Amino acid sequence: MFQMIDRSAMRVRRTQAERREDSERGLVRAAISVTAEHGVSAATFEAIGQRGGYSRSLVTRRFGSKQGLIDAVISYLHDRRTVLAAELGIDQMPGLDALLADTDLYLRSLSEKGELKAYFMLLSAAVADASSLRTAFAASHEQVRTRLRGYVQKGQAEGCIRSDLDADAAALMVGSLQLGLSMQLLVDPTMNLDPIRKTTLATLRLSFEARR
């Protein structure tokens, strides 16, 4: 009897956790959508709630502050990237191929989704206001640099990436290239990223590949 009660309680708790996760994901998507379409100043808790079909009070409870919202957006985007990379098997590729595939995934996502647009709009606002929110973006970029550096070091150990490259500097350079293209796309939304993506991949391969 007690065992049955425990199992029932576990099912209820699991369902509540799932509902909370679904609502948080929906609110983050709503925040991204409002920001990408109307700008950072339009992404009020009330507007986010309306877009997601939730109350303003729920947005406040879930995020608490603008810092909480930005943390949630950053976490959501990193999780999305992790899922997509896993589907493509990027982390199982040789180092150079992984670096190129990661960059290709990023640039395709940049051209196809409003998610990264919203991220960089939020980043731009935080930098322009000299806001303490910049620290969240700095931590996010450090996470990217660590991943890219790992690909370079893996490729060097395998002999497919030049051993004379500074792995950390190379990672920062690739990350900065991604950042620059992201900001340029905000300035000029009509920019055609496809030829830039192809040129970027060809240039990185030419610059990084070890000569055999």
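The values are calculated or read from the model by the stated rules, or taken from the named source; none is laboratory data. Because the structure is predicted, anything quoted here is derived from the model rather than measured. So basically every Cβ, Gly included, is an ideal-geometry build from the backbone, and we count neighbours across all protein chains shown. When the accessible area is computed, the model is the full protein with side chains, heavy atoms only, and any ligands, DNA or RNA have been set aside. Shrake-Rupley method; radii C 1.70, N 1.55, O 1.52, S 1.80 Å.
Here are a few things to note about the model shown:
- Charged neighbours of R56, selected by a Cβ distance under 12 Å, balance to +2 (K, R count +1; D, E count -1).
- Here the stretch 141-156 is scanned for amide nitrogen atoms under 15 Å from the site 7 Å beyond the Cα of Q92 along Cα-to-Cβ, giving none.
- Linear extension gain, D164 paired with S109, 0.36 nm per residue minus alpha-carbon span: 16.7 nm
- For the chain, the Kirkwood hydrodynamic radius comes to 19.2 Å, computed from all pairs of different C-alpha atoms.
- Its DSSP H runs of at least 4 residues, each contributing -39,500 (n - 2.57), put the calculated 222 nm mean residue ellipticity of the chain at -27500 deg cm²/dmol, to the nearest 500.
- Here the contact order of the chain, divided by its residue count and restricted to Cα pairs under 8 Å and six or more residues apart, works out to 21 percent.
- For the stretch 25-39, there are no residues whose amide N sits under 16 Å from a probe point set 7 Å from the Cα of T190 along the beta carbon direction.
- For the chain, accessible area per residue (1.4 Å probe, heavy atoms of protein chains only), Å²: 56 Å²
- S131-R212 pseudo-label distance in nm [points 7 Å out on the Cα-to-Cβ vector]: 4.9 nm
- Carbon plus sulfur fraction of accessible area for the chain, probe 1.4 Å, in percent: 55 percent
- Under 20 Å from K117, Cα to Cα: lysines that are on another chain or at least 8 residues apart: K66
- Prolate/oblate/rounded label for the stretch 55-95 (Cα gyration tensor, a/c 1.5): prolate
- Stretched out straight at 0.36 nm per residue, the stretch from S75 to R205 would grow longer than its current Cα-Cα span by 43.8 nm.
- Computed on the Cα trace of the stretch 89-212, the radius of gyration divided by the Kirkwood hydrodynamic radius gives Rg/Rh = 0.99.
- Hydrophobic, long helices, defined as DSSP H runs whose alpha-carbon span along the helix axis is 18 Å or greater and whose mean Kyte-Doolittle value is at least 0.0, occur in the chain at 66-88, 95-112, 115-128, 167-187, 193-208.
- Cα→Cβ-extended label distance, 7 Å offset, between H38 and A139, nm: 2.9 nm
- Overall, the anisotropy analysis places the stretch 66-129 in the prolate class: the square-rooted eigenvalues a ≥ b ≥ c of its C-alpha gyration tensor yield a/c not less than 1.5, with a/b exceeding b/c.
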